[in-house]
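Accompanying notes for the structure given below.
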Amino acid sequence: MKIGIVGCGQLARMMALAGLPRGLEFTFLAGPTEDPAPVTGLGPIYRMSEGESGESIYQGMGQPDVVTTEREQVEVALLKSLQPFAPVHPAPEAVSVCQHRAREKQFINDQGIATAPWKPIDTDTDLVALGKELGWPLFIKSCEDGYDGYNQWRMMGPDDAVPQIPADVACIAEGGVAFERELSLVAARGRDGKVVCYPLTENHHRNGILLHSLAPAPALEDGLQDKAEAMAKSLLDAFNYVGVLTLELFLVDGEFKINELAPRVHNSGHWTQSGALTCQFENHVRAIAGLPLGPTDAPWPSAMVNLLGVEPPSPTIRPEGKLHWYNKTVRPGRKVGHINLTDQDATVVKRQVEELVAVLYP
Ligand code: AMP
């Protein structure tokens, strides 16, 4: 079974590292200017040219049995062009919904699931009136190409300056949610429709970028895991989805609102490499390959700390941590690796995270 992955970044790398020991083969599609260093040595890399046909790409990739994408911001037309030759999971239609904030929020709301209150806006929209209606602070987010706080503007209140949003950028506005915690749920659905979910993860961001995660999310009220899993199942079924889907969640007054969906393995699920019986990468490749999904139990507390623009720390700093390095060149703020920590005692894991973060980002 040969799996073709669109993209050559760390997520492609970790899918291959999880699938190769199971006898799966991998082939990677690099964009015209993409650096394939993270996947070098893990399988053939085919560099596509601008405007190349689906058939030519499929042949260039060595006729994979199934195709997946490691990234959300992939051209849907490219995924569709490969469909006549091999199944593409997740389906391009699901990726397309997740790429566009308005389509995504509408889809979530259509399943009866809450998001922050939101509305599409244009250059004529009275943002002060809308802030009153949806709630301050008002978050203005571009529908496309927005992630990690990029292409996003905030108005803290009615007296705040109205942001100058480029006229050609379609946006939504969202009311601020006074969340207690940011959590995520990584779920996988097999070709047979079976769904498995990992324990909820607690996520901590700095400047809009994930810095560290704790899993299972500590001190959760009873019933929250079941509620999150029910949301995941209804979304996965509605998409007829195959593979891993991640729900980014706000926890407000004991209820969830979905912030966004990621149609792929997710940074907040990296802890599963050390902390779960089957990691998210293996379950994604199992799902798309039509193999039975593996157990998602997390026997011990775990954490993940991102390496953002830093060199790999000396092994003496956190010797019990498992370093995952992506073979990327270090640039300021760039995700170049992560460290997973696991211990029988959640307070030990939390302390290790705090110490590591203090050393990495003094
Ligand atoms: P996003 O790009 O939508 O993931 O947003 C980046 C971060 O901004 C989130 O992780 C939250 O911390 C914060 N944020 C986004 N939308 C809202 C909202 N409606 N209310 C409160 N915080 C938000």
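Candidates in region 178-208 are the residues that are among the polar types (S, T, N, Q) and modelled with pLDDT of 95 or more; of these, the one that is most open to solvent (accessible area, probe 1.4 Å) is N203.
Taking each residue of region 272-293 that is in contact (Cβ under 8 Å) with a residue 12 or more places away in the chain and looking for partners that are open to solvent by 30 Å² or more (accessible area, probe 1.4 Å) and in a helix (DSSP H, G or I) with beta-carbon atoms closer than 6 Å, six or more apart or interchain, yields C279/Q273; L293/R286. Flag not set for P292, criterion: within 30 Å of P87 (Cα to Cα), open to solvent by less than 20 Å² (accessible area, probe 1.4 Å) and outside the structural domain of R13 (by TED's automatic domain parsing). Quick check on region 46-57. Is at least one of its residues outside the structural domain of V336 (by TED's automatic domain parsing) and closer than 22 Å to G269 by Cα? No, region 46-57 has no match at all. Just so you know, in region 197-233 the residues that are of a type in the set (A, V, I, L, M) and in a helix (DSSP H, G or I) include one that is nearest to H266 (Cα to Cα), and it is A232. The number of residues in region 237-261 being of a type outside the set (F, W, Y), under 17 Å from I288 (Cβ atoms) and open to solvent by less than 20 Å² (accessible area, probe 1.4 Å) comes to 5. Take the conditions (1) open to solvent by less than 30 Å² (accessible area, probe 1.4 Å); (2) free of Cβ contacts under 8 Å to residues at least 60 places away in the same chain; (3) part of a strand (DSSP E or B); G146 misses just one of them, which is (3).
Entry remark, region 103-129: residues being within 19 Å of A232 (Cα to Cα) and buried (at least 17 other Cβ atoms within 10 Å of the Cβ) number 7 in total. Here the condition is being modelled with pLDDT of 95 or more, under 24 Å from L236 (Cβ atoms) and surrounded by fewer than 17 Cβ atoms within 10 Å (Cβ to Cβ); of K132, K80, it holds for K80 alone.
Rundown of residues vs (1) in contact with a Lys or Arg (Cβ under 7 Å, 6 or more places away or on another chain); (2) away from the ligand (no atom under 16 Å from the Cβ), yes/no style:
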site: P166; (1), (2): no, yes
site: V195; (1), (2): yes, yes
site: N207; (1), (2): no, no
site: A228; (1), (2): no, yes
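If you go through region 339-349 and keep only what is among the aliphatic types (A, V, I, L, M) and surrounded by fewer than 17 Cβ atoms within 10 Å (Cβ to Cβ), you end up with just V348. The test for being under 20 Å from L245 (Cα atoms), modelled with pLDDT of 95 or more, more than 10 Å from the ligand (Cβ to nearest atom) and in a loop (DSSP other than H, G, I, E, B) does not hold for I108. Only one of the numbered conditions (1) more than 24 Å from I121 (Cβ to Cβ); (2) among the hydroxyl-bearing types (S, T, Y); (3) open to solvent by less than 10 Å² (accessible area, probe 1.4 Å) is not met by S234, and that is (3).
Each row is one residue, and each column tells you yes or no for (1) outside any loop (DSSP other than H, G, I, E, B); (2) among the aliphatic types (A, V, I, L, M); (3) surrounded by 20 or more Cβ atoms within 10 Å (Cβ to Cβ).
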| residue | (1), (2), (3) |
| --- | --- |
| E311 | no, no, no |
| P319 | no, no, no |
| T329 | no, no, no |
| G333 | no, no, no |
| G337 | yes, no, yes |
| R351 | yes, no, no |
| P362 | no, no, no |
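The values are calculated or read from the model by the stated rules, or taken from the named source; none is laboratory data. All values reported here derive from a predicted model rather than from experimental measurement. When we count neighbours, we look across all protein chains shown, and the Cβ atoms used for this are built from the backbone with ideal geometry, even at glycine. Heads up: the accessible areas ignore ligands, DNA and RNA and are worked out on the full protein's heavy atoms, side chains in. Shrake-Rupley method; radii C 1.70, N 1.55, O 1.52, S 1.80 Å.
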